[in-house]
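K.L.:
Can you keep this structure in mind? I'll have questions shortly.
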Amino acid sequence: MPLRELLDEHRGEELDLYARTINPQFVRLLRTIGFDRRWARAEGAYLYDADGTRFLDLLGGFGMYNVGRNNPRVRAALVEALELETPGKVQLGISPLPGLLASALLERAPSSLGRVLFTSSGTEAVEAALKLGRAATGRSKVVSCEHGFHGLTLGSLSAAGDAAFSARFGPLLPGFSRVPFDDLDALEEALRGEDVAVFIVEPVQGHGPQFPHDHYLAGAQELCRRYGTLFCVDEVQTGFGRTGRMFALDHWGLEPDLLTVAKSLSGGYVPVGALLMSTTVYDAVFDSLEHSVSHGSTFAPNDLAMAAGLATLDELDAQHLSERAARMGELLLERTLPLVERYEVVKGVRGLGLIWAIEFEEPAGGSRSWRMLERVQTGLFAQLVVVPLFSDHKILSQVSGHDSNVIKILPPLVLSENDVDWFVEALEATLARAEKLPRAMVRFAIRAARANVPSRAKRGEKPAPRKMRSIFRG
């Protein structure tokens, strides 16, 4: 049956079908918080529901749509690749497209990087960095940062710095340790034994987001050089124009040994990621014919992903999207920094390019309603902002991290000045109401939080000895 007919036949059943066959708890989450829309189409920085209502997408697929949703140039490249009937994955042979995309990536990357290994996702790129880093150095230890996020597969979880993601999946891999982000003394102490294979760090920590001081990353790179540790920069979220540069590392002139990328590389159309590595790392791992296939992934350098990647890089350049992200980010900060003085609940606003966040705190002098919310679940106030932004102002955003009173946005880089106005005006209106903590909003937040408690009693089990986790957070 043609796809259009199949979709028409099951129109209106999307949520029920997903709940029945894939993830009923996720559908329950969406219905609890009022995010259970039937999405019909998307374009640029906008989503449209089945009623034709336009929403401003400030979530951007968790940073996947840098060139905008359904970018027509990337789509045309995919159609052309299909029409060319390229050879695809010969496996014992090559297609021309992977080499072309690898060349385009290396042209834009620091000169310290000379080889590319393609993957199907960001966490897979991280896994490759950890695996190849151990082989290249002959060491087994890995150091990462507290509160960092590198993916949800086991190796990536072992490097993650937030137990909310990993606590239920232990034991994790041995040899992993964490140091505070932005702390060179702690990093040097961890590396001093000269037994660490890889130090992996996000230039901007996505779960926060947290931004480093000016000299931290360059200092971390120097420490890695001193103690023979490979310096790995995880740009899965910050790469391809997000921070106002092609890569966030360009802000500090870094020359890493390993660089992981993914998310927006294909324009959001096709799963794709990559590990860029120095030739020294490559030569140490792929050192013979026998070891020529030491690492790979069945679908990774598939021709559709490669075509989409080439088109995405061209689009970033042609539309000057890195520069646009820098410009819109500066405007966003200019418009939102005054909120710190205007509202007692606003602790601070921070951003770099189009990764932006606002953090909340209990008003001076205290608030009974605030404390009641925090007793139920840390971070509920931020949820009181995210939900009406969506329901009342048609803006999709997220709470950043577990137990966090921070709202974070990762919009498509095609965001316009009018979109910034839309968001700022909606944010002000929402804050003005939420700061008063009206009873209806408080009741909703508590009801939603309680709905997230695992129903262990129904199974005759004792209540979970852990904090409730937010159902709004990405």
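K.L.:
Suppose we filter segment 331-349 for residues that are surrounded by 14 or more Cβ atoms within 10 Å (Cβ to Cβ) and either at positive phi or out of contact with any Leu (no Cβ under 8 Å at 6 or more places or on another chain) (or both); how many remain?
P.N.:
Here the count works out to 7.
K.L.:
Under 7 Å by Cβ, and 6 or more places apart or on different chains, what pairs join a residue from segment 183-208 that is on the phi > 0 side of the Ramachandran plot and assigned by TED's automatic domain parsing to the domain that holds residue 134 with one that is modelled with pLDDT of 95 or more and not in a strand (DSSP E or B)?
P.N.:
Sorted first by the residue in segment 183-208, then by its partner, the pairs are 194/227; 194/228.
K.L.:
Looking at (1) closer than 23 Å to residue 299 by Cα; (2) in contact with a Pro (Cβ under 9 Å, 6 or more places away or on another chain), find the lone condition where residue 18 falls short.
P.N.:
Failed condition: (1).
K.L.:
Testing residue 209 on (1) more than 19 Å from residue 357 (Cβ to Cβ); (2) at pLDDT below 95, one condition comes back false. Which one is that?
P.N.:
Here residue 209 clears every test but (1).
K.L.:
From the list 253, 268, 241, which residue is touching a strand residue (DSSP E or B) at 6+ places or on another chain (Cβ under 7 Å) and either in a loop (DSSP other than H, G, I, E, B) or aliphatic (A, V, I, L, M) (or both)?
P.N.:
268
K.L.:
Any chance you could count how many residues in segment 280-314 are assigned to a helix (DSSP H, G or I) and either in the same structural domain as residue 348 (by TED's automatic domain parsing) or aliphatic (A, V, I, L, M) (or both)?
P.N.:
So the count comes out to 11.
K.L.:
Right, residue 274: crowded, with 19+ Cβ neighbours inside 10 Å, of a type outside the set (Val, Ile, Thr), farther than 27 Å from residue 401 by Cα and assigned by TED's automatic domain parsing to the domain that holds residue 84 or not?
P.N.:
no
K.L.:
On to the next question. With more than 30 Å from residue 363 (Cβ to Cβ) and of a type in the set (Lys, Arg) as the only criterion, which of 335, 242, 342 stands out?
P.N.:
Among 335, 242, 342, only 242 is more than 30 Å from residue 363 (Cβ to Cβ) and of a type in the set (Lys, Arg).
K.L.:
Which of the residues spanning segment 36-80 are under 20 Å from the mean Cα position of the chain (by Cα) and either among the hydrophobic types (A, V, I, L, M, F, W, C) or part of a helix (DSSP H, G or I) (or both)?
P.N.:
Across segment 36-80, the qualifying residues are 42, 45, 47, 56, 58, 59, 60, 61, 62, 63, 64, 67.
K.L.:
While we're here: Only one of these is in contact with a strand residue (DSSP E or B) (Cβ under 9 Å, 6 or more places away or on another chain), more than 24 Å from residue 126 (Cα to Cα) and at pLDDT 95 or above: 309, 329. Name it.
P.N.:
329
K.L.:
Does any residue in segment 146-172 that is over 20 Å from residue 128 (Cα atoms) come within less than 6 Å, Cβ to Cβ, of a residue that is in a loop (DSSP other than H, G, I, E, B) and at pLDDT 90 or above six or more places away or on a different chain, and which pairs are these?
P.N.:
146/180; 162/147
K.L.:
Would you confirm, using the coordinates I've provided, whether residue 424 is surrounded by fewer than 18 Cβ atoms within 10 Å (Cβ to Cβ), part of a helix (DSSP H, G or I) and touching a Lys or Arg at 6+ places or on another chain (Cβ under 7 Å)?
P.N.:
Yes: the conditions hold for residue 424.
K.L.:
Looking at (1) among the charged types (D, E, K, R); (2) in contact (Cβ under 8 Å) with a residue 40 or more places away in the chain; (3) not in a helix (DSSP H, G or I), can you tell me which one residue 178 breaks?
P.N.:
All conditions are met except number (2).
K.L.:
Any idea which residue in segment 123-141 is surrounded by the most Cβ atoms within 10 Å (Cβ to Cβ), counting only those that are under 14 Å from residue 234 (Cβ atoms) and touching a helix residue (DSSP H, G or I) at 6+ places or on another chain (Cβ under 6 Å)?
P.N.:
In this case the residue turns out to be 126.
K.L.:
Within segment 37-80, which residues are small (Gly, Ala, Ser), touching a helix residue (DSSP H, G or I) at 6+ places or on another chain (Cβ under 9 Å) and closer than 24 Å to residue 236 by Cβ?
P.N.:
The answer is 45, 60, 61, 63, 68, 77.
K.L.:
Quick check on my filter: what residues within segment 81-101 are under 17 Å from residue 116 (Cα atoms), assigned to a helix (DSSP H, G or I) and either touching a residue at least 60 places away in the same chain (Cβ under 8 Å) or not assigned by TED's automatic domain parsing to the domain that holds residue 307 (or both)?
P.N.:
Residues satisfying the conditions are 97, 98, 100, 101.
K.L.:
Name every residue in segment 49-59 that is touching a Lys or Arg at 6+ places or on another chain (Cβ under 8 Å) and either under 12 Å from residue 397 (Cβ atoms) or buried (at least 20 other Cβ atoms within 10 Å of the Cβ) (or both), in order of residue number.
P.N.:
The answer is 55, 56, 57.
K.L.:
Looking only at segment 180-197, decide whether some residue is β-branched (Val, Ile, Thr) and under 15 Å from residue 161 (Cβ atoms).
P.N.:
The answer is no, given that none of the residues of segment 180-197 is β-branched (Val, Ile, Thr) and under 15 Å from residue 161 (Cβ atoms).
The values are calculated or read from the model by the stated rules, or taken from the named source; none is laboratory data. It should be emphasised that the depicted structure is a prediction, and the values quoted were computed from it without experimental measurement. Neighbour counts run over all protein chains shown; Cβ positions are idealised from the backbone, glycine included.
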